[in-house]
1. Among the residues of region A:182-210, write down those that are surrounded by fewer than 16 Cβ atoms within 10 Å (Cβ to Cβ) and polar (S, T, N, Q).
2. For region B:162-193, which residues satisfy the criterion of being of a type in the set (A, V, I, L, M, F, W, C), more than 17 Å from B:PHE327 (Cα to Cα) and more than 14 Å from chain A (Cβ to nearest Cβ)?
3. Regarding region B:327-347, can at least one residue be identified that is crowded, with 24+ Cβ neighbours inside 10 Å, assigned to a loop (DSSP other than H, G, I, E, B) and hydroxyl-bearing (Ser, Thr, Tyr)?
4. How many of the residues in region A:358-383 are touching a Ser or Thr at 6+ places or on another chain (Cβ under 7 Å), closer than 18 Å to A:LEU274 by Cβ and open to solvent by less than 10 Å² (accessible area, probe 1.4 Å)?
5. Give me the pairs, please: first residue somewhere in region A:150-167 and farther than 15 Å from A:GLY122 by Cα and of a type in the set (A, V, I, L, M, F, W, C), second residue anywhere and open to solvent by less than 10 Å² (accessible area, probe 1.4 Å) and in a helix (DSSP H, G or I), beta-carbon distance under 7 Å, and either six or more positions apart or on two chains.
6. Of all the residues that make up region B:25-60, how many are farther than 29 Å from B:CYS310 by Cα and surrounded by 24 or more Cβ atoms within 10 Å (Cβ to Cβ)?
7. Restricting the search to region A:253-276, which residues are part of a helix (DSSP H, G or I) and open to solvent by 20 Å² or more (accessible area, probe 1.4 Å)?
8. B:GLY215 fails exactly one of the following numbered conditions: (1) closer than 30 Å to B:LEU33 by Cα; (2) modelled with pLDDT of 95 or more; (3) in contact with a Gly (Cβ under 8 Å, 6 or more places away or on another chain). What is the number of that condition?
Protein chains: 2
Amino acid sequence: MEKKLSRIKAEQLQDRVVTADEAASWIQDGMTLGLSGFTRAGDVKAIPQALVKRSETESFKVNVFTGASLGSDTDHIFAEAGIVNKRLPFQAEPAMRKKINEGEMLFVDHHLSHTAEWIRTGVTEAIDFAIIEALSITADGMIIPTTSVGNNAIFAKHAKNIIVEINMAQPERFEGLHDIYDTGKQGERSPIPLTEADQRIGTIGIPIDLEKVRGIVFTDQLDSPSNIVPPDEETKIMADHLLEFLRSEIRAGRLTEKLAPLQSGVGSVANAVLHGMIDSEFEDLEVYSEVLQDAVFDLIDAGKVRFASCCSMTLSEPKMNQVFADFENYRDKIVMRPQEISNHPELIRRLGLISINTALEFDMYGNVNSTHVSGTKMMNGIGGSGDFARNARLAIFVTKSVAKGGNISSVVPFVSHVDHTEHDVDVVVTEQGYADLRGLAPRERVEVILANCVHPSYRAQLREYYDEALTRGGQTPHVLEKAFSWHADLAKNGTMLQKKEQLV
Amino acid sequence: MEKKLSRIKAEQLQDRVVTADEAASWIQDGMTLGLSGFTRAGDVKAIPQALVKRSETESFKVNVFTGASLGSDTDHIFAEAGIVNKRLPFQAEPAMRKKINEGEMLFVDHHLSHTAEWIRTGVTEAIDFAIIEALSITADGMIIPTTSVGNNAIFAKHAKNIIVEINMAQPERFEGLHDIYDTGKQGERSPIPLTEADQRIGTIGIPIDLEKVRGIVFTDQLDSPSNIVPPDEETKIMADHLLEFLRSEIRAGRLTEKLAPLQSGVGSVANAVLHGMIDSEFEDLEVYSEVLQDAVFDLIDAGKVRFASCCSMTLSEPKMNQVFADFENYRDKIVMRPQEISNHPELIRRLGLISINTALEFDMYGNVNSTHVSGTKMMNGIGGSGDFARNARLAIFVTKSVAKGGNISSVVPFVSHVDHTEHDVDVVVTEQGYADLRGLAPRERVEVILANCVHPSYRAQLREYYDEALTRGGQTPHVLEKAFSWHADLAKNGTMLQKKEQLV
């Protein structure tokens, strides 16, 4: 216990240690919780479980706001227990996805940089309890976060009560890694003084009102490891296409060999594409991103990345073991920021990021769907992709050209849900090639997408749709009554292919 | 001539005065022109006409980049003459619209704050000639713009050659009204130091390389007056709904009586809505917008607006006469900035604007179409609406609930083109009422939109679509094969009404 208490350096809080069950008992039906956690990293682990246990004998629902997706099976058990009324701003869990799509749970799919503004101005429900994982609480009353910062600072500032989960399994040497900056209110704020990815502008911890700390719970459990799959043949080819594009930008004088700070979305494809840089000629790279996945640490190990700014580190189990053990090698190469700062339009535009995110599907004019399967079923959420794509120097979207054994084309006549409009998408990449859409009118975009990105099985079929659309005319020709016919065919026939023999 | 030459204070340029015909003769087939002009204001007037005259005896095409739409009939005669290959980033002219929709002209519909970045980094074609309307050229070699700034500064900086049109009809006393600031390159730039709408951060003119000034042409013609129509009964009701919403924000403690800096889009509806504030209790208002239309000057006259920042002033003829005559009354209340600054995400987010833009249609989940009639035919372009909506404190879209005598519903199951996604739209307003979509899941949004915004003639029809969609399930229920059936019906039957007797 002494070792544990040494993590509570603000001594006046040492008598507030409680069990997870006791802390969970304070939560009432209808309350709104602000939980730490961003893509499985730095989430609170004990209280959510205690809350689910309570639900076995008691009926209640709460709103659950987070940084992004949670680990530790929390979204899964929350969904199964049916205790969530509204979830915001991101999730990525199959059981929860099912409840959302069945209409049994409300999900607000929100730009990850915007949630802090809503909380600051009271647009959403007020936070009753901020429940935040910490390494420690400093003597001067700051919470030191663990492997993510997410929305922790804004939750702590605006919540009526704070509960801290001090996680003894998270290495205390992470102290000093975080950089907490509060923008202040709109209309009263100063420019955010950050002009370089590696700059520090804030404090190493989250300043809190100690009066609001209702309880402290101890846990001892590492984050759930990431569930990304290793690069495959196709993602390697996509990485090659992307590198080829970046080289052409250098040749055109629009980028230098140092490139520009890189942002890469969550997931296996984006990770694989970034991983493809290891054997490239690029050096002295900087990362200014949301989540650092394995690839960024591999790039640091390979001497390719000199600095990485993030709001979360989500690693596979082996990589986590290696990084945590060797952490002193990484300390001066990493900073973790609130998601409002990692994803802030002001900074994304100023730094001129190269932004690489994953599309579910894109259409022949370059609109991108990042969220909805066949326009209706939520996958995970938009996450930070909108924050980045709109404001980056280069908004690049990657996806394999087909899925489900060729039965789904990721390039369609009209995306079934639009998350990134034609105005915000610069480059699309599939394993077939890349299409640089910048400066092109819609009709020009169709030609480069057809020539470079569409799977051969769907080329003639897409051309046929476009030819018919051209007979209707317009800036953006479409046959509206057939615009979603590929998706309708998929629902009816299990394939978007109009003729089975097309399959190449 | 002496009076004219007195406008060229950089004396070494006084021998570069040429006729418009001579200047136009320098322009070669395939060149790219950067023309001044933003929503009919501050456009160059003589050289475009001379160029069109040249096209009567010579065949050529040029790319035409501007701030936004041009006045002086320029887009019209350009379109009729068929001399435009590619037009960027905005237009609003029927003859040009027709050519675009027939596929005879390429149109790149671009966020107005982004074009400067493209030119700076050489994404688009290099500018051969920047042709810029000016009040004068200062002794130290700055171009003083007239009634708009638009992209003038970035065109002048990056063009190979500059031609200046000094317009003797534009009041020389406008000198001192402009504030020219260059952000510099991405990755090397500092924070933009603006924290208040009325702050000056730059120079009163556009610094240029005098060597690049190929010629100076004199003109003597006022801007084309704006073609907005006065407020009508429905737009007045929309203004009332908007004011009601703003009052509820004050009651909720999210705004103060001073509101927050206002941005209002171009056009009659947005103008009318702003005009509705004249008889309201709001005072001491600030405007941080793109275009100042009549309403802003009426609000200044009424003592309601204390300061207005813009990149263009587009006035009706009577208002232009009044404002130009009384200009000393307005001088300390107005500043004009480059469109990159008036529309910059960094500043929009920092200042926390209340952004009011016009929708062509929106759907039951809050996606907005600002550009394409029935998904295919370009109307004007996205303009600055994307710059503002994504980054504002409040992204508000206004439209009448029906058009064409009730045959078109502006609220549809699925918008036929997405310019602003569900993630970026906070409030929608029709003459029926307003729907505050913030913090709502898609299924919740449908209910508030149905209850508050849909015209009674279409309520049952939209409910019917939604009920069928609900049987399919999902986060965002849709019947994809019927999603555009209203638009298809319109094309086939001339009405979106499924049963004529619905008409209320």
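1. Of everything in region A:182-210, those that are surrounded by fewer than 16 Cβ atoms within 10 Å (Cβ to Cβ) and polar (S, T, N, Q) turn out to be A:SER190, A:GLN199.
2. Taking region B:162-193 and keeping what is of a type in the set (A, V, I, L, M, F, W, C), we get B:162-164, B:166, B:168-169, B:174, B:177, B:180, B:192.
Okay, now just the ones that are also more than 17 Å from B:PHE327 (Cα to Cα), so B:162-164, B:166, B:180, B:192.
Scanning region B:162-193 gives B:ILE162, B:ILE163, B:VAL164, B:ILE166, B:ILE180.
3. No, region B:327-347 contains no residue that is crowded, with 24+ Cβ neighbours inside 10 Å, assigned to a loop (DSSP other than H, G, I, E, B) and hydroxyl-bearing (Ser, Thr, Tyr).
4. 1
5. The qualifying pairs are A:ILE162/A:ALA156; A:ILE163/A:ALA23; A:ILE163/A:ILE47.
6. 1
7. Across region A:253-276, the qualifying residues are A:SER268, A:VAL269, A:HIS275.
8. Only one criterion is unmet by B:GLY215, namely (3).
The values are calculated or read from the model by the stated rules, or taken from the named source; none is laboratory data. Since this is a predicted model, take the numbers as computed values, not measurements. Every residue, glycine among them, receives a Cβ derived from its backbone with ideal geometry; neighbour counts consider all protein chains shown. Surface accessibility is based on the protein's heavy atoms, side chains included, excluding ligands, DNA and RNA. Shrake-Rupley method; radii C 1.70, N 1.55, O 1.52, S 1.80 Å.
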